[in-house]
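Here is the structure we will look at.
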Amino acid sequence: MLIKYLDLTAQYRKIQSQAEPVILDILKSGNYCLGEYVASFENDFAAYCDTKFCVTCNSGTSALHMALLAAGIKEGDEVITTTSTFVATVAAIRLVKATPVLLDISLKTLNLSTDSIEPHINHKTKAVIAVHLHGNPCEIDEINRICRKYNLILIEDAAQAHGSTFKGVKIGSVGDMACFSFYPGKNLGACGEGGAVITNNSFYAEKLRMIRDWGCEKKYIHLYEGYNYRMDAIQGALLGIKLQYLEEWTELRIQKAELYKKSLAKKPLRLTQVLPEARHVYHVFAVMTEFRDELKKYLYQHGIETGIHYPVPVHKQPIFSGVCKSSNNMSNSETACGQLLSLPIYPELDDNKIIYIADVINEFYIRT
Ligand SMILES: Cc1ncc(COP(=O)(O)O)c(C=O)c1O
């Protein structure tokens, strides 16, 4: 038996009969960039997130870049974020030539430790990027309070957190802007690349729309620094179809996570803590153990693929050496990177396979 870390073909089978006629229609229409399907998905996704505006683009990285540009972040400014994230969060800050200020995490939630934010704020600090790692909401209310106190822009990196909530409020609607990735493996994934920024602020929405299309106010009149970050019509259409299933798929992810928790309860593994006010949407189901590498190998020998999100914290990435500031103590992030292991989780993953994975983990601990 091989249990894949992710099986996107299973998801495709669910939408195949709806997707294929629409793709053919688009191919015949000759309208391949932006257009009605993208506009319709933007309306639906804004409604799903309980925000006024959604501006799609061609990746989560572009979404972060656009949000920073819309917020006017530039060279000489500092942007605070977590070191435990995918590299794109920090790369986007460098795209606007600002200085990333990388902070440590809480080992319980794996998200930004809110206590460390205020001591790192100075006159150059202009924004905070709050990441909801693995789909587990960070303490967004507290981060928002700090941002309001110091007049900082709050951008949420919700690339892994479609549909998660904090105190019943959808992630992405608390900050000034929130950025999503629709990379195929995400909880809401395109069949190619895609991203979006959502906001309740009409000024930002307007600016974002221009930035994704060469800063155009109208054809050939360029008002802002912009890029070709437009979304393809086919991706907009497919995302619109998949959005209809997102809640069903999210509930299934949560059920699978609960089954893992129950089946792994007695094992000496550390599980990520979910804040009582939060809905974790389990883009990643992570466990922590000092025997991570041995366990990963053992699971692989038993036909189980796993992942590591992420093996190296951003402050240790060679590309960022000398261009980021970071707090002196990054021990929690370093521990997490050495111990995290991501187990397979997706809506179509059979419950029996989860029980099998838990049994193999149990066997590993009996043998070691
Ligand atoms: C937290 C986070 N931010 C940003 C991104 C970038 O998204 P994309 O790959 O669509 O550019 C990702 C993608 O994995 C991510 O996980």
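The values are calculated or read from the model by the stated rules, or taken from the named source; none is laboratory data. Keep in mind that this is a model prediction, so the values were computed, not measured. When we count neighbours, we look across all protein chains shown, and the Cβ atoms used for this are built from the backbone with ideal geometry, even at glycine. Heavy atoms of the whole protein, side chains included, go into the accessibility calculation; ligands, DNA and RNA do not. Shrake-Rupley method; radii C 1.70, N 1.55, O 1.52, S 1.80 Å.
State which residue is farthest from the ligand (Cβ to nearest atom) when the search covers only the range 85-95 and only residues that are of a type outside the set (S, T, Y) and open to solvent by less than 10 Å² (accessible area, probe 1.4 Å). Result: I93.
Within the range 162-178, residues that are farther than 15 Å from F45 by Cα sit with their Cβ atoms under 6 Å from residues that are open to solvent by less than 10 Å² (accessible area, probe 1.4 Å), at 6+ positions apart or across chains, in these pairs: F166/P137; F166/I140; V174/I140; G175/L154; G175/I155; G175/E156; D176/L154.
Taken over the range 270-283, residues that are surrounded by fewer than 20 Cβ atoms within 10 Å (Cβ to Cβ) and either in contact (Cβ under 8 Å) with a residue 24 or more places away in the chain or over 19 Å from E334 (Cα atoms) (or both) amount to 6. The set of residues in the range 49-82 being among the β-branched types (V, I, T) and more than 12 Å from the ligand (Cβ to nearest atom) consists of T51, V55, I73, V79, I80. Residue count for the range 309-366 satisfying the condition of being over 19 Å from P100 (Cβ atoms) and hydrophobic (A, V, I, L, M, F, W, C): 13.
Scoring P276 on the criteria (1) touching a Gly at 6+ places or on another chain (Cβ under 7 Å); (2) outside the structural domain of I171 (by TED's automatic domain parsing) leaves a single failure, condition (1). Restricting the range 264-280 to residues that are assigned to a loop (DSSP other than H, G, I, E, B) and touching a Pro at 6+ places or on another chain (Cβ under 9 Å) leaves a set whose member that is nearest to I354 (Cα to Cα) is H280. When the range 143-188 is limited to residues that are under 20 Å from I73 (Cβ atoms) and modelled with pLDDT under 95, the one that is farthest from the ligand (Cβ to nearest atom) turns out to be V174. The set of residues in the range 309-321 being open to solvent by 80 Å² or more (accessible area, probe 1.4 Å) and part of a loop (DSSP other than H, G, I, E, B) consists of S321 alone. Condition check for A205 on (1) away from the ligand (no atom under 16 Å from the Cβ); (2) open to solvent by 10 Å² or more (accessible area, probe 1.4 Å): one failure, at (2).
Just one of the numbered conditions (1) open to solvent by 50 Å² or more (accessible area, probe 1.4 Å); (2) under 30 Å from N352 (Cβ atoms); (3) in contact with a strand residue (DSSP E or B) (Cβ under 9 Å, 6 or more places away or on another chain) is not true of I3: (1). Would you mind stating whether S116 is touching an Asp or Glu at 6+ places or on another chain (Cβ under 7 Å), farther than 25 Å from R212 by Cβ and outside the structural domain of L269 (by TED's automatic domain parsing)? So S116 fits the description; yes. Just so you know, in the range 254-267 the residues that are open to solvent by less than 10 Å² (accessible area, probe 1.4 Å) and touching a helix residue (DSSP H, G or I) at 6+ places or on another chain (Cβ under 9 Å) include one that is farthest from T61 (Cα to Cα), and it is L264.
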